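Student: Handing you a structure now.
The values are calculated or read from the model by the stated rules, or taken from the named source; none is laboratory data. Note that the structure is predicted; figures quoted are calculated from it, not measured. With ideal geometry, Cβ positions are generated from the backbone for all residues, glycine too; neighbour counts draw on all protein chains shown.
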Amino acid sequence: MKKLLLAGTACNAIMILGAGASQAEELTLCWAAWDPANALVELSTDFEEQSGHTMNFEFVPWPNFADRMLNELNSGGQLCDLMIGDSQWIGGGAENGHYIKLNDFFEAEGIDMADFIPATVTGYAEWPKGTPNYYALPAFGDVVGWTYRKDWFERPEIQEAFQEEYGRELAVPASLDELKDIAAFFQGREIDGNTVYGAAIYTERGSEGITMGVTNVLYNYGFQYENPDEPYDMEGFVNSEGAVEGLEFYKELYEVGTPPGSSNWYMGENIDAYKSGQVALQMNFAFIWPGVEADPNVGGGASGYFANPPGPAGQFAQLGGQGISVVSYSDKQDAALEYIKWFAQPEIQARWWELGGYSALRAVVEDPGFAESQPYAQTFLDSMAIVKDFWAEPAYADLLLAMQDRVHNYVIAGDGTAQEALDGLVEDWVEIFEYEGKL
Amino acid sequence: MSLSVTDPNPRTKWIAGALVIGYAIVTIMPLLWIIATGFKSPADSIAYPPKVVFEPSLEGYVNLFTERTRATEGMLEDAGPPTTWYERIVRDQGMVITGPSRYGERFLNSVIIGFGSTALCMLLGTMAAYAFSRFRVPLKDDLLFFILSTRMMPPIAVAIPIFLMFRGLGLNDTHLGMILLYTAVNLSLSVWLLKGFIDEIPVEYEEAALIDGYTRFQAFYKVVLPQAATGIASTAIFCLIFAWNEYAFAVLLTSGTAQTAPPFIPTIIGVGGKDWPAVAAGATIFLVPVMVFTILLRKHLLRGITFGAVRK
Amino acid sequence: MDETSHLDRAARATPPRIARRIQGLSDRTIAWIFVAPSIFLLLAVNIFPLIWTIRLSFTNYRVNRPNNAVEWVGLENYQRILSDEDVWQTMQATAHFLIWTIVLQVLIGFALAYLINKKFKGNDLWTTIIVFPMMLSPAVVGNFWTFLYQPQIGLFNYVVAFFTGADPASFSMIGDVNLAPWAIVIADTWMWTPFVMLICLAGLRSIPESIYEAAECDRASKWRQFWTITVPMVLPFLMLAVLFRGIENFKMFDMVVQLTGGGPGNTTTLTSIDLKREAFERWRTGYSSAYAVILFVTVFGLASIYVKALNKVKER
């Protein structure tokens, strides 16, 4: 026991000493535990060599990422010096003073937000949205898109059967309706001796899964978070006629075109289902595409990619991705800023893309060779051009919980009607904004 | 003994044996499935339909203990040909090893915190149980119920105050903090179990020792403790199982330094998606210490839980 | 080792001055020295946070809004919780989970213990094997059972299909509103039946052989012996097992969260899961503190009634 205590004190002493010296800091970067995080570790060795600082990483799995990290921030914790926080945290990070404002730093170092994909600047860096107040540097661009079994689509017997049933060619869907047809077509079909199913879609209950899925449909059917002319005016926008139709569509898609038991699926489960050959299509964030390409079963040309297809009210896709911020409780902010400065360099960003990280730097993605560099690169660009994000308010977690509850209850548990679900959602959201004093 | 009138006849024994073995086989299946998954390749682990027969692979175990990154051609050239068997396994996936994973650290944390809190819990628990058993403690029944009631609080409910308190005391994310926390949670169980056990040790033994000139302390640790060893062993098993596997506090209160394995294992990810073989391998290895501990102490397992709280 | 010499050596090894001082302590003092560390630790780690929680429950405090003023709101939080229909729904889900896990675990656990107590050959080995599931981490169990329950790639549906002839893809344990509450009951029963079994076994083995021999002399039937000797003698043990399982399952969080996330809809949203959302996702600290206090009072009340009943049974 005593030894432990002593060890603890020694550690503290070292940390205090470390803070005194301006050289060689030990920085901790916090992010989610996923594929791109491994790539970032690899990328960061270059920073360690150049700066002499040591990088530590704290990666928390997605289901606990928000709880763990927001707990850390809310209690003023000094675990993280750098935070690659989820896009929706930016409001809380800025308003509650968790993140430091980066405007002066950007100006001093010549980092220009115009050099980044506009959607990522709005999505990951700005608060309030649409104003030039920056609390993060876009770090990882991500968006929901679709992956499909190109090898199955190309089989003559399947093409024939589809032609017969739907009177058109089996191809990448040009609309959400076509996507549903394709999912229904594959549902229960025998392929290579296995019964396969249509599409793996997001249905997860516990964190943010079903919201990140259903919004892709809702946006394209005319759902809007608020009156464009009057902030927080939601009645008739959240529960507009189109939005109701969109929610009904998602439920129908769940019923006619998804594998049995896919009632609590998010990124990981969708990947598993797709890789094991259960489904012809999967909805998922772009970050998985490098992994799909490398897979022995579905990679190497067997898969194709397409952006979320348009619906009656337009074409949008749910934004994912994160910006990198400096935590205001850190006592190594200078070194942390150094990291951001290093990370923003075009050659580092190019290498980031090479290692499997989706750079948000325009110099990288607008490079003439970019679209050809990977089979999914063009789809990524197309998708990034049509993104919309969930609320990024400080109360985003409340707003999200309400939506998870309402949508899962209707789509998966089959409770009530779509109209009731969205009316209820407006009620919940109004209550939350009233509580927040914004209404 | 075997000829006693109460000894079941062979046919009864046979039927009882068959039923128990049948249950054991069904109940062990999910566990065997987990262990088997650890030896599958990632593709086989999610095979549709599931594979019962598969080609064994150590990929899960290698992935569990290493950090890897997808290799670009330049990196492969720099790294040269693989020199060890595990490097070869990783290269076959088109990856290179970038370092050891955190699993080892997390596992070590679990050992320190699990066994540390069990030891402390046994120490405090035996002392308290002895006092409750032998002395007239004022408000004894209320105190005992108070001790039990501390187990009724959902961890989530007290997590925020504990988090703030630990932060204030500098115990957040430390081994000591977690040891104290798990000890406190387990104390109720250990006091209740141990009191029952000490109740059963005849008071005459100590009285004889006291007459021989022993002090109370000496009588306690020279006479009572050896007699209670069985009860202590079985109680230790239960405390260890709890502390070893605890999740809610661990996930909310620890991160870097003191995080134990349970919050870590379900989250091991591979190339896009969960690395099921590595998760299974992590769970399997994690099971071994408790399993060994239990098998070693299994003779006491039954003798121990006589719950003196029950037998007055 | 020789007992006496051991004791002698210990007595000699204790320095006389200390020995005298310790000898001088009254039993009462020793009792307090022995109990105090436990009580102190429990006060510090359990009771102090509890009091803090109770205090917070009367405020509108939110951990994630350090800048907001903290106001006393009296009983408002309590009123809101008790009048919230969703809370009652989670209570129902918890009750379903609690009752069925206990019923199944008691029935199966007792049956197993009874059979093992027939002392067939190799019962030691099989008992040890049966005990393994409870050594796993609940989080890992929840995680793996999602996998086992997947109709396409999991084991569960195929096993059920093998025995019933149903199509493995025709049902989904986690996705179906009607089956999901049972999915969590099954996983918990799988894991914790051995616990109940062990305690029952201890109870069975504590029954003196002579009682059965006497009954045998009185020519009481086996059936009668079972109901008049075995069951009453094991009952106190069984009740204690139920107490511990009941308390644990009332708090159930980790396994179910990993298994269903509370879905579909709110079908398996147990109170602890709901509480966690309020406390660590909505960050309504005051509100969730009140929620926690209500839960605590509920368990505390139920448990104290139960322990009274248990004491009565013991005295019989």
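Student: Considering A:277, A:304, A:320, which residue is out of contact with any helix residue (DSSP H, G or I) (no Cβ under 6 Å at 6 or more places or on another chain) and within 20 Å of residue A:386 (Cα to Cα)?
Tutor: The unique qualifying residue is A:320.
Student: Is it the case that residue B:184 is within 14 Å of chain A (Cβ to nearest Cβ) and surrounded by 22 or more Cβ atoms within 10 Å (Cβ to Cβ)?
Tutor: Judged against the criteria, residue B:184 is not a match.
Student: Continuing with the same structure: Among the residues of region A:50-73, how many are part of a helix (DSSP H, G or I) and facing chain B (nearest Cβ under 10 Å)?
Tutor: Summing the residues that are part of a helix (DSSP H, G or I) and facing chain B (nearest Cβ under 10 Å) in region A:50-73 gives 9.
Each row is one residue, and each column tells you yes or no for (1) under 15 Å from residue A:421 (Cβ atoms); (2) modelled with pLDDT of 95 or more; (3) buried (at least 18 other Cβ atoms within 10 Å of the Cβ); (4) outside the structural domain of residue A:196 (by TED's automatic domain parsing).
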| position | (1), (2), (3), (4) |
| --- | --- |
| A:228 | no, no, no, no |
| A:231 | no, no, no, no |
| A:243 | yes, yes, yes, no |
| A:246 | yes, yes, yes, no |
| A:250 | yes, yes, yes, no |
| A:254 | yes, yes, yes, no |
| A:260 | no, no, yes, no |
| A:267 | no, no, yes, no |
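Student: Moving on. Can you tell me which residue within region C:116-131, out of those that are part of a helix (DSSP H, G or I) and either in contact with a Gly (Cβ under 8 Å, 6 or more places away or on another chain) or without any contact (Cβ under 8 Å) to a residue 24 or more places away in the chain (or both), is surrounded by the most Cβ atoms within 10 Å (Cβ to Cβ)?
Tutor: Per the criteria, the residue is C:126.
Student: For region B:204-259, which residues satisfy the criterion of being of a type in the set (D, E, K, R) and assigned to a loop (DSSP other than H, G, I, E, B)?
Tutor: Passing the criteria: B:212, B:246.
Student: Considering every residue within region A:102-117, establish whether at least one is of a type in the set (Asp, Glu), part of a helix (DSSP H, G or I) and in contact with a helix residue (DSSP H, G or I) (Cβ under 8 Å, 6 or more places away or on another chain).
Tutor: Within region A:102-117, one or more residues are of a type in the set (Asp, Glu), part of a helix (DSSP H, G or I) and in contact with a helix residue (DSSP H, G or I) (Cβ under 8 Å, 6 or more places away or on another chain).
Student: Could you tell me which of the residues B:24, B:79 is farther than 30 Å from residue C:193 by Cβ and either of a type in the set (A, V, I, L, M) or without any contact (Cβ under 8 Å) to a residue 60 or more places away in the chain (or both)?
Tutor: Result: B:79 is the single residue among B:24, B:79 that is farther than 30 Å from residue C:193 by Cβ and either of a type in the set (A, V, I, L, M) or without any contact (Cβ under 8 Å) to a residue 60 or more places away in the chain (or both).
Student: Quick check: is even one residue across region A:44-56 surrounded by fewer than 23 Cβ atoms within 10 Å (Cβ to Cβ), under 22 Å from the mean Cα position of the chain (by Cα) and not polar (S, T, N, Q)?
Tutor: No: zero hits.
Student: Continuing with this model, one more query. State yes or no: is residue A:283 within 11 Å of chain B (Cβ to nearest Cβ) and in contact (Cβ under 8 Å) with a residue 24 or more places away in the chain?
Tutor: no
Student: Still on this structure, please answer the following. Return only the number of the condition from (1) within 30 Å of residue C:112 (Cα to Cα); (2) more than 9 Å from chain C (Cβ to nearest Cβ) that residue B:59 does not satisfy.
Tutor: Every listed condition holds for residue B:59 apart from (1).
Student: Restricting attention to region B:232-270, and to residues there that are of a type in the set (Phe, Trp, Tyr) and more than 10 Å from chain A (Cβ to nearest Cβ), which single residue is farthest from residue A:37 (Cα to Cα)?
Tutor: If we take residues in region B:232-270 being of a type in the set (Phe, Trp, Tyr) and more than 10 Å from chain A (Cβ to nearest Cβ), then B:238 is farthest from residue A:37 (Cα to Cα).
Student: Hand me the list of strands (runs of 3 or more DSSP E) wholly inside region A:262-343 holding 2 or more residues that are over 27 Å from residue B:267 (Cβ atoms) and hydroxyl-bearing (Ser, Thr, Tyr).
Tutor: Because the criterion is at least 2 residues that are over 27 Å from residue B:267 (Cβ atoms) and hydroxyl-bearing (Ser, Thr, Tyr), no strands (runs of 3 or more DSSP E) in region A:262-343 meet it.
Student: Assigned by TED's automatic domain parsing to the domain that holds residue C:110, out of contact with any strand residue (DSSP E or B) (no Cβ under 7 Å at 6 or more places or on another chain) and within 16 Å of residue B:155 (Cβ to Cβ): does that describe residue C:308?
Tutor: no
Student: A follow-up question, please. Look through region A:82-101, keep the residues that are within 12 Å of another protein chain (Cβ to nearest Cβ), assigned to a loop (DSSP other than H, G, I, E, B) and on the phi < 0 side of the Ramachandran plot, and return whichever of them is surrounded by the most Cβ atoms within 10 Å (Cβ to Cβ).
Tutor: Here the residue is A:98.
Student: Shifting gears a bit: Does residue A:209 satisfy being within 19 Å of the chain's Cα centre (by Cα), among the small types (Gly, Ala, Ser), at pLDDT 95 or above and surrounded by 16 or more Cβ atoms within 10 Å (Cβ to Cβ)?
Tutor: So residue A:209 fails the test.
Student: Looking at (1) touching a helix residue (DSSP H, G or I) at 6+ places or on another chain (Cβ under 8 Å); (2) assigned to a helix (DSSP H, G or I); (3) of a type in the set (Val, Ile, Thr), find the lone condition where residue A:147 falls short.
Tutor: (2)
Student: If you don't mind, there's one more thing I want to ask. What single numbered condition from (1) within 23 Å of the chain's Cα centre (by Cα); (2) under 18 Å from residue A:148 (Cα atoms); (3) of a type in the set (A, V, I, L, M) fails to hold for residue A:302?
Tutor: Result: residue A:302 fails condition (1) only.
Student: Something else: Of the residues C:186, C:199, C:153, C:229, only one is in the same structural domain as residue C:105 (by TED's automatic domain parsing) and in a loop (DSSP other than H, G, I, E, B); which?
Tutor: C:153
Student: Those residues that are over 26 Å from residue A:260 (Cβ atoms) and within 14 Å of chain A (Cβ to nearest Cβ), I need them from region C:234-277; list them, please.
Tutor: C:253, C:254, C:272, C:274, C:275, C:276, C:277
Student: Inside region A:381-395, can you point out the residues that are surrounded by fewer than 22 Cβ atoms within 10 Å (Cβ to Cβ) and part of a helix (DSSP H, G or I)?
Tutor: Within region A:381-395, A:381, A:382 qualify.
Student: Could I ask something else about it? Would you confirm whether any residue within region C:93-112 is of a type in the set (A, V, I, L, M, F, W, C), within 11 Å of another protein chain (Cβ to nearest Cβ) and crowded, with 22+ Cβ neighbours inside 10 Å?
Tutor: yes
This table checks each residue for (1) within 18 Å of the chain's Cα centre (by Cα); (2) among the polar types (S, T, N, Q); (3) closer than 17 Å to residue B:126 by Cβ; (4) assigned by TED's automatic domain parsing to the domain that holds residue B:111.
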site	(1), (2), (3), (4)
B:170	no, no, no, yes
B:174	no, yes, no, yes
B:192	no, no, yes, yes
B:195	no, no, yes, yes
B:214	no, no, no, yes
B:217	no, no, yes, yes
B:222	no, no, yes, yes
B:227	no, yes, yes, yes
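Student: Answer yes or no as to whether residue A:292 is at pLDDT 95 or above and surrounded by 24 or more Cβ atoms within 10 Å (Cβ to Cβ).
Tutor: no
To keep it simple, each residue is scored yes or no on (1) surrounded by 20 or more Cβ atoms within 10 Å (Cβ to Cβ); (2) more than 11 Å from chain C (Cβ to nearest Cβ); (3) at pLDDT below 85.
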site	(1), (2), (3)
B:6	no, no, yes
B:27	yes, no, no
B:31	yes, no, no
B:34	yes, no, no
B:40	yes, yes, no
B:77	no, yes, yes
B:80	no, yes, yes
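Student: Output the residue which, of all residues in region B:98-116 that are touching a Ser or Thr at 6+ places or on another chain (Cβ under 8 Å) and either modelled with pLDDT under 80 or of a type in the set (D, E, K, R) (or both), is nearest to residue C:136 (Cα to Cα).
Tutor: B:106
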